[in-house]
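Let me begin by presenting the structure, written as structure tokens, before commenting on it.
Derivation of every value follows stated rules applied to the coordinates shown; laboratory data play no part. Note that the coordinates shown come from a computational prediction; the quantities given were computed from them, not determined experimentally. Positions of Cβ are backbone-derived with ideal geometry, glycine not excepted, and every protein chain shown enters the neighbour counts.
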Amino acid sequence: MTDKETLLLKKRELEDRLEKIKQDIAHKLSADSEEQATELENRDVIIEIARVTEEELAAVNAELNGAND
């Protein structure tokens, strides 16, 4: 597998992960207030994971763009 193929695979994986994260963030909160508290705490973690994933995706895209030059 070439470096470019590896980067394209990583890009697809990150895009899939980001899509799943966005779906999870969009999920409605539970009606139970105790469950809501837990969900909100988890949401903060998920938002941070999304941020890091977006950074990784940007880095992969930059590498791919550099490989195309």
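How charged is the neighbourhood of residue 27? Take every other residue with its Cβ under 14 Å from the Cβ of residue 27, and add Lys/Arg as +1 and Asp/Glu as -1. All intermediate terms of the calculation are to be shown ahead of the outcome.
Details: positive: 20, 22, 28, 43; negative: 19, 24, 35, 39.
Residues near residue 27 contribute 0 overall.
Could you give the nm distance between label points at residue 22 and residue 36, where each point is 7 Å from its Cα heading toward the beta carbon?
2.7
About its Cα centre, what dipole magnitude does the chain give when the only charges are +1 on Lys and Arg Cβ and -1 on Asp and Glu Cβ, stated in debye to the nearest 20? Don't skip to the end; give the middle numbers.
Details: 10 positive and 19 negative charges, 59 e Å.
Using only the charged Cβ atoms, the result is roughly 280 debye.
Relative to the longest principal axis of the C-alpha atoms of the chain, give the angle of the C-alpha long axis of helix 3-26, reported between 0 and 90° and rounded to the nearest 10°.
That works out to roughly 20 degrees.
Determine the sum of side-chain charges near residue 63: Lys and Arg each +1, Asp and Glu each -1, restricted to other residues whose C-beta is under 10 angstrom from that of residue 63.
It works out to a net charge of +2.
Quick one: among 16, 32, 24, which has the greatest mean-square fluctuation in a GNM of the chain with alpha-carbon springs under 10 angstrom?
Most flexible of the set in this elastic network: 32.
Using Cα-Cα distances under 8 Å and only pairs 6 or more residues apart, what relative contact order does the stretch 3-68 have, in percent? Each step should come with its number before you reach the end.
On the way: 30 pairs, mean separation 36.2, N = 66.
Here the relative contact order equals 55 percent.
Quick check: the angle from helix 33-68's long axis to the longest principal axis of the chain, C-alpha only, nearest 10 degrees?
Value to nearest ten degrees: 10.
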